[in-house]
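Student: Attaching a single structure in structure tokens format; questions to follow.
The values are calculated or read from the model by the stated rules, or taken from the named source; none is laboratory data. These figures come from a predicted structure and were not determined experimentally. Here the Cβ positions follow ideal geometry from the backbone for every residue, glycine too, while neighbour counts run over all protein chains shown. For accessibility, only protein heavy atoms count, side chains too; no ligands or nucleic acids. Shrake-Rupley method; radii C 1.70, N 1.55, O 1.52, S 1.80 Å.
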Amino acid sequence: MANLFIKCPECGTTHFNKILSKTLFVCPECGFHHKLTSMVRLKYTIDKGSFSEFDRKMRSMDPLNFPGYDDKLKNVIKQTGSYSAVIAGEAKIKGEPVVVMVMDTRFIMASMGSVVGEKIAKGFEYATEKKLPVVVFCASGGARMQEGILSLMQMAKTSAAVKRHSDAGLLYISVLTHPTTGGVTASFAYLGDIILAEPKALIGFAGPRVIEQTINQKLPEGFQRAEFLLEHGMLDQIVPREFMRDTLANLLKMHRVSILRNNKKFRIEQYGLK
Amino acid sequence: MAKKDIEKELRDLQSKLDNLKSEISDNSDTALLPIIKQMEDNASTLKVELYRKITPGERIQLARHPNRPTTLDYINYLITDFVQLHGDRRFADDHAMVGGIGMFEGIPVTVIGTQKGKDTKDNIKRHFGMPHPEGYRKALRLMEQAEKFGRPIINFIDTAGAYPGLGAEERGQGEAIAYNLYKMSTLKTPVISIITGEGGSGGALALAVADKVFMLTNSIYSVISPEGCASILWKDSSKAMDAAQALKIDANNLLQMGIIDGIIEEPEGGAHQDYAGMAENIKNKLRSALEELSQYEIEHLLEARYAKFRKIGVFKEG
Ligand SMILES: [Zn+2]
């Protein structure tokens, strides 16, 4: 967010960075929810001072010696100050303990390679062990091509970790932000117990350009946007950014008691029926 | 006097009463007090008449009353912190079925229900409260989510039936209903279903394989609509009221037959006369049912749920 001005990709108007920071980076003209860096997203979401980060310095190798990948990594680390496309850690949201993971599109379009896969899987494993719910803010351009088949396998690895967390009776809320595409949608992004999205976020497996070229026709207005997906049964709710923290806290609160639940017997006393 | 005439007279009386009362508070004219007393007596007599002399036909009218409270109305009165959840994760979000998570009397619950529209536009969007397969699949998704987290499930049912249409058939209306019956029979969490208006056939049963099934006084629950029955059996849909009588679709008959577990009283004149009063009665019944169900181990609950449906049927062994 170093730029003084930011142009809205939706309506084309330009606003001062300073103005946008007061609207949570929601376009005052058209309501478009701009991409956020993972640190800004955390700031908007979690309780101040509650974050303890996991594996901050875990970073990509270049296992295939893929042309240009090493330089690309070095540059993006320098530009963003992050070592990977996802930040993970333990935090509190309005007092509710949670493992929270946030993807950052500035880092090679938040594509998923070994590091994203590892950090996501590890985050779910940690949450399973500590009996914590998980919130993931998803965003991704898809698989990290430069790591080849290793990237594809991260889909299986993360999905398996989500399954173990779910089998332990724990809550996972997936928040789909602009844009969430490719292998991330086909793995952990769409495996939430509850799936929320930001307004107008682009969400889909195949990119719109690929689809247009394949079927050789123009796509309808609003195709693959959050509103389109809600109507098609793929989302639980679209939550504007200003309500996200409260919505998450409310959902976390209502699931907290399930951890206290005696597995064999449903007991109202534990809930405290008023 | 016909029911709608009584209703009209009651409304007129009520508005005269309100006028008089506001005048009294303005100039505290005590001479008006006996008149008001007389009018109030008349009003309550009318209400009693309206309430007691209900014919099967009038009951159906009440069950289908356009102002009858809907699932979202009950959620509004009974549930706090409600988060509505959408979609079947397969094909669409069916607006004829609503559901979500919220707090009932301090405990988290999953609430699901068929949803009729409040006006024509809303009714078109919601297919007049008749769900498609995606509606039943959304309901099941939310019920399985409730099972995972050990939340009790509360279902509200008010539907003429599952939507009869091309798309519904293409996507397996029958399969969707069948699969709900199959899965609900072993859901490892308490399930309470309330028929609030029309309990239309399989489309209603798909939310009613429950530990406790309640009906509101003026609701109906039937294998087929009275109109449908009359037109099939007697080739004359105008004989619907005879069919209604013959089918025994009212709460009292169904309680006697062991089909339902209890009746929730409606306020005088029907649920649409007093949303808050209706919700209060439902709240009390839900509370006591949840308290009762919480005494049992899950295995016992499932055994009892199985036995409850297993024993229904009348026959003579050969
Ligand atoms: Zn804009």
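Student: Interface A/B, total buried accessible area with a 1.4 Å probe, nearest 100 Å²?
Tutor: Summing both sides, the interface buries roughly 3100 Å².
Student: Under the classification rounded if a/c is under 1.5, otherwise prolate if a/b is larger than b/c and oblate if not, where does the protein assembly as shown fall, given a ≥ b ≥ c as square roots of the Cα gyration tensor eigenvalues?
Tutor: prolate
Student: Separate question: Suppose R0 equals 22 Å; then what is the FRET efficiency for A:Ala160 and A:Asp246 from their Cβ-Cβ distance, rounded to the nearest 0.05?
Tutor: For R0 = 22 Å, the calculated efficiency reads 0.10.
Student: Taking the solvent-accessible surface of protein heavy atoms with a 1.4 Å probe, what is the per residue accessible area of the range A:35-271 in Å²?
Tutor: That works out to 45 Å² for each residue.
Student: Pop the C-beta distance of A:Gln217 and B:Asp81 into the FRET formula with R0 = 45 Å and round what comes out to the nearest 0.05.
Tutor: Once the sixth-power term is evaluated, E becomes 0.50.
Student: For a label point 7 Å from the Cα of A:Glu227 along Cα→C-beta, name the residues of the range A:168-184 whose backbone N is under 17 Å from it.
Tutor: Correct set: A:178.
Student: Sticking with this structure for a sec: ³J(HN,Hα) across the range B:138-152 via Karplus (A = 6.51, B = -1.76, C = 1.60, θ = phi - 60°), whole Hz, x for Gly/Pro?
Tutor: Calculated HN-Hα couplings, in order: 4, 4, 5, 4, 6, 5, 5, 5, 4, 4, 4, 9, x, 8, x Hz.
Student: Can you give the extra length, in nm with one decimal, that the chain gains between A:Ser50 and A:Lys18 once fully stretched, where that is 0.36 nm per residue apart less the Cα-Cα distance?
Tutor: Answer, rounded to one decimal: 8.9 nm.
Student: Next question, about the same structure. Roughly what would the spin-label model give for A:Lys43 and A:Ile149, points 7 Å off Cα along C-beta, in nm?
Tutor: Distance between the two pseudo-spin positions: 4.4 nm.
Student: To continue, here is another question. Assuming a ≥ b ≥ c are the square roots of the Cα gyration tensor eigenvalues, decide whether the range A:91-181 counts as rounded (a/c under 1.5), prolate (otherwise, with a/b larger than b/c) or oblate.
Tutor: Because a/c hits 1.5 or more and a/b fails to exceed b/c, the range A:91-181 counts as oblate.
Student: Here's a follow-up. In percent, how large is the relative contact order of the range B:168-318, given Cα pairs closer than 8 Å and 6 or more residues apart?
Tutor: 21 percent
Student: Which whole-Hz couplings ³J(HN,Hα) result when phi for each residue of the range B:258-273 is put into the Karplus expression 6.51 cos²θ - 1.76 cosθ + 1.60, θ = phi - 60°, listed in order with x for Gly and Pro?
Tutor: My calculation for the range B:258-273 gives x, 7, 10, 9, x, 10, 9, 5, 9, x, 4, x, x, 4, 5, 6 Hz in order.
Student: Also, I was wondering about something else. List the residues of the range A:196-240 that lose 10 Å² or more of accessible area once all protein chains are present, compared with their chain alone (1.4 Å probe, heavy atoms only, no ligands or nucleic acids).
Tutor: A:Leu230, A:Glu231, A:His232, A:Gly233, A:Met234, A:Leu235, A:Asp236, A:Gln237
Student: If you add up the charges near A:Lys57, with Lys and Arg at +1 and Asp and Glu at -1, over every other residue whose beta carbon is less than 13 angstrom from its beta carbon, what do you get?
Tutor: Combined, the nearby Lys, Arg, Asp and Glu give 0.
Student: Let me ask you something else. Among A:Gly204, B:Gly99, A:Met244, whose Cα lies farthest out toward the positive end of the dipole of the protein assembly as shown, if unit charges sit on the beta carbon of Lys, Arg (+1) and Asp, Glu (-1)?
Tutor: Highest projection toward the positive end goes to A:Gly204.
Student: For chain B, what is the calculated [θ] at 222 nm in deg cm²/dmol (nearest 500), taking -39500 (n - 2.57) for each run of four or more DSSP H residues and dividing by its residue count?
Tutor: Dividing the helical sum by the residues of chain B leaves -15500 deg cm²/dmol.
Student: Apply the Karplus parameterisation 6.51 cos²θ - 1.76 cosθ + 1.60, with θ equal to phi minus 60°, to every residue of the range B:277-288 and state each ³J(HN,Hα) to the nearest whole Hz, in sequence, with x for glycine and proline.
Tutor: x, 4, 4, 4, 5, 5, 4, 4, 5, 4, 4, 5
Student: What's the extension gain from B:Ala31 to B:Ala246 if we count 0.36 nm per residue and subtract their Cα-Cα distance?
Tutor: Full extension from B:Ala31 to B:Ala246 adds 72.1 nm.
Student: With +1 on each Lys and Arg Cβ and -1 on each Asp and Glu Cβ, how big is the dipole of the range B:84-147 about its Cα centre, in debye rounded to the nearest 20?
Tutor: Once rounded to the nearest 20, the dipole reads 240 debye.
Student: State, as an integer percentage, the relative contact order of chain A based on alpha-carbon contacts under 8 Å between residues 6 or more apart.
Tutor: Averaging sequence separation for qualifying contacts and normalising by length gives 14 percent for chain A.
Student: Run the accessible area of the protein assembly as shown with a 1.4 Å probe and give the carbon-and-sulfur part as a rounded percent.
Tutor: That share works out to 54 percent.
Student: List, by residue number, every residue in the range B:83-98 with a reduction of 50 Å² or greater in accessible area between the chain on its own and the complete protein assembly, 1.4 Å probe.
Tutor: B:Val83, B:His86, B:Arg89
Student: Could you let me know the centre-to-centre spacing of the range A:210-260 and the range A:29-69, using Cα atoms, in angstrom?
Tutor: 20 Å
Student: Just how large is the dipole of chain A about the Cα centre, in debye to the nearest 20, putting +1 at every Lys and Arg Cβ and -1 at every Asp and Glu Cβ?
Tutor: The dipole magnitude comes to about 760 debye.
Student: Applying 1/(1 + (r/R0)^6) with R0 = 35 Å to the Cβ-Cβ distance of A:Leu4 and B:Ile124, what FRET efficiency is obtained, to the nearest 0.05?
Tutor: 0.10
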